[in-house]
């Protein structure tokens, strides 16, 4: 990761809607954990866990890796 941002992860998705198989969007996340991320941080988010960047400070660059069960 490069840049800095505030990530909310976990908790409960508010009014979730499926966008495609295995993906969803929601209005908000209730009772999630707040993480202040900065350059060099690594985050592992378990499958199915709600998450979003609440605030991006200028910019962020990040790599996403998703594994699919056979």
Quiz item: Can you find a residue in the stretch 27-37 that is under 17 Å from residue 65 (Cα atoms), surrounded by 15 or more Cβ atoms within 10 Å (Cβ to Cβ) and either at pLDDT 95 or above or out of contact with any helix residue (DSSP H, G or I) (no Cβ under 8 Å at 6 or more places or on another chain) (or both)?
Solution: no
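Of all the residues that make up the stretch 33-52, how many are part of a strand (DSSP E or B) and under 18 Å from residue 19 (Cα atoms)?
So the answer is 2.
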Practice problem: Would you point out the residue of the stretch 4-25, among those that are part of a loop (DSSP other than H, G, I, E, B) and under 27 Å from residue 70 (Cα atoms), that is nearest to the chain's Cα centre (by Cα)? | Solution: 10
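The values are calculated or read from the model by the stated rules, or taken from the named source; none is laboratory data. Model, not experiment: these values are computed from the prediction. With ideal geometry, Cβ positions are generated from the backbone for all residues, glycine too; neighbour counts draw on all protein chains shown.
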